[in-house]
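The values are calculated or read from the model by the stated rules, or taken from the named source; none is laboratory data. Keep in mind that this is a model prediction, so the values were computed, not measured. Note that we place each Cβ from the backbone using ideal geometry, even for glycine, and neighbour counts take in every protein chain shown. Ligands, DNA and RNA are stripped out before the accessible areas are found, and what is left, the full protein with its side chains, is counted by its heavy atoms. Shrake-Rupley method; radii C 1.70, N 1.55, O 1.52, S 1.80 Å.
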Amino acid sequence: MKHVKYGQCVKCGRTYSAAPDLTTCECGGILDIVYDYEYIKTRLTKEKLAARQERSMWRYRELLPIADSTKPTPLRVGWSPLYEEPRLAEILGLKRLWVKDDGQNPTASLKDRASAMAVAKAREAGAEVIACSSTGNAASSLAGNAAAAGLATYIFVPSRAPKGKVAQLMTFGATVVSVQGSYEETFELSKQAIDRWGWYNRNAAINPYLSEGK
């Protein structure tokens, strides 16, 4: 990826090569993806962007941490509408206000953006399984986007997770692991399983590419 320089720790400043399976710094800090904007300027112009027919988040691929050869994920993520809200703007003391309706994403959540990125990076890494711990929208968005791409998912949820959300995960074909414990314990179990089995990691604050999708 010529347009991506590296991942840099926000805590200690150490840099890492932007491999598809990048996670966190050895010091425990979160990594920030650093771009080569001078190079991007040579590849992306307002005219080129205006001429594109792609109606999803992938229309901005030069500004996303993906390889040139990486194909867009199957479901249409992004390109959700903006609605101007003059009455709410007046209440809040703003001149103009727009609300973006990410409820029109495939699983009705802005988390689809992060999950689509995770699926794209998992493909780059050659992974066949993606896993995470979650109690809600992150889990369902991963299960839906991964299923459309033909990837298996393992979702770790605390036993208190809403039954409706668990049913949604199972509808998408995810393997759901219900953990008798807190969310912190659920997260730790998912981490151990991911490390042991070599699954692609979609956990937030671990995978630095997720925020780039959002």
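Does M1 satisfy being of a type outside the set (D, E, K, R), surrounded by 11 or more Cβ atoms within 10 Å (Cβ to Cβ), within 19 Å of the chain's Cα centre (by Cα) and modelled with pLDDT under 95?
On the way: of a type outside the set (D, E, K, R): yes; surrounded by 11 or more Cβ atoms within 10 Å (Cβ to Cβ): yes; within 19 Å of the chain's Cα centre (by Cα): yes; modelled with pLDDT under 95: yes.
Judged against the criteria, M1 is a match.
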task: Check V176, V119, V99 and return the single one that is buried (at least 16 other Cβ atoms within 10 Å of the Cβ) and in a strand (DSSP E or B).
output: V176
- prompt: Do the conditions hold for K191, that is, is it under 28 Å from V34 (Cα atoms), open to solvent by less than 20 Å² (accessible area, probe 1.4 Å) and in a helix (DSSP H, G or I)?
  reply: no
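Looking at this structure, is A67 open to solvent by 20 Å² or more (accessible area, probe 1.4 Å), assigned to a loop (DSSP other than H, G, I, E, B), within 28 Å of E185 (Cα to Cα) and aliphatic (A, V, I, L, M)? Spell out how you get there, then give the answer.
Values: open to solvent by 20 Å² or more (accessible area, probe 1.4 Å): yes; assigned to a loop (DSSP other than H, G, I, E, B): yes; within 28 Å of E185 (Cα to Cα): no; aliphatic (A, V, I, L, M): yes.
Considered against the rule, which asks whether it is open to solvent by 20 Å² or more (accessible area, probe 1.4 Å), assigned to a loop (DSSP other than H, G, I, E, B), within 28 Å of E185 (Cα to Cα) and aliphatic (A, V, I, L, M), A67 comes out as no.
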- prompt: When the stretch 35-64 is examined, which residues are found to be open to solvent by 40 Å² or more (accessible area, probe 1.4 Å), within 20 Å of K121 (Cβ to Cβ) and in contact with a Phe, Trp or Tyr (Cβ under 9 Å, 6 or more places away or on another chain)?
  reply: E54, L63
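Pull up the stretch 70-96, narrow it to residues that are hydrophobic (A, V, I, L, M, F, W, C) and either touching a helix residue (DSSP H, G or I) at 6+ places or on another chain (Cβ under 6 Å) or under 30 Å from L22 (Cα atoms) (or both), then point me to the one that is least open to solvent (accessible area, probe 1.4 Å).
So the first thing to find is which residues in the stretch 70-96 are hydrophobic (A, V, I, L, M, F, W, C), and the list is 75, 77, 79, 82, 88-89, 91-92, 94.
Right, trim to either touching a helix residue (DSSP H, G or I) at 6+ places or on another chain (Cβ under 6 Å) or under 30 Å from L22 (Cα atoms) (or both) and you get 75, 77, 79.
Numbers: L75: 56, V77: 0, W79: 120 Å².
Per the stated criteria, the residue is V77.
For (1) of a type in the set (D, E, K, R); (2) within 19 Å of S141 (Cβ to Cβ), each residue gets a yes or a no:
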| site | (1), (2) |
| --- | --- |
| Q53 | no, no |
| S69 | no, no |
| V77 | no, yes |
| L82 | no, no |
| E90 | yes, no |
| D101 | yes, yes |
task: Among residues belonging to the stretch 122-134 that are touching a Ser or Thr at 6+ places or on another chain (Cβ under 9 Å) and either in a strand (DSSP E or B) or open to solvent by less than 50 Å² (accessible area, probe 1.4 Å) (or both), point out the one that is farthest from K214 (Cα to Cα).
output: V129
message: Any residue that is more than 29 Å from N137 (Cα to Cα), without any contact (Cβ under 8 Å) to a residue 40 or more places away in the chain and of a type in the set (K, R) - is there at least one of those in the stretch 23-43?
response: yes
task: State whether one or more residues within the stretch 153-170 are in contact (Cβ under 8 Å) with a residue 60 or more places away in the chain, part of a helix (DSSP H, G or I), small (G, A, S) and open to solvent by 10 Å² or more (accessible area, probe 1.4 Å).
output: no
field: Subset tally (residues that are under 25 Å from K214 (Cα atoms) and free of Cβ contacts under 8 Å to residues at least 60 places away in the same chain) for the stretch 176-194
entry: 8
task: Please specify each residue of the stretch 75-113 satisfying the condition of being touching a strand residue (DSSP E or B) at 6+ places or on another chain (Cβ under 8 Å), among the charged types (D, E, K, R) and under 22 Å from Q53 (Cα atoms).
output: K100, D101
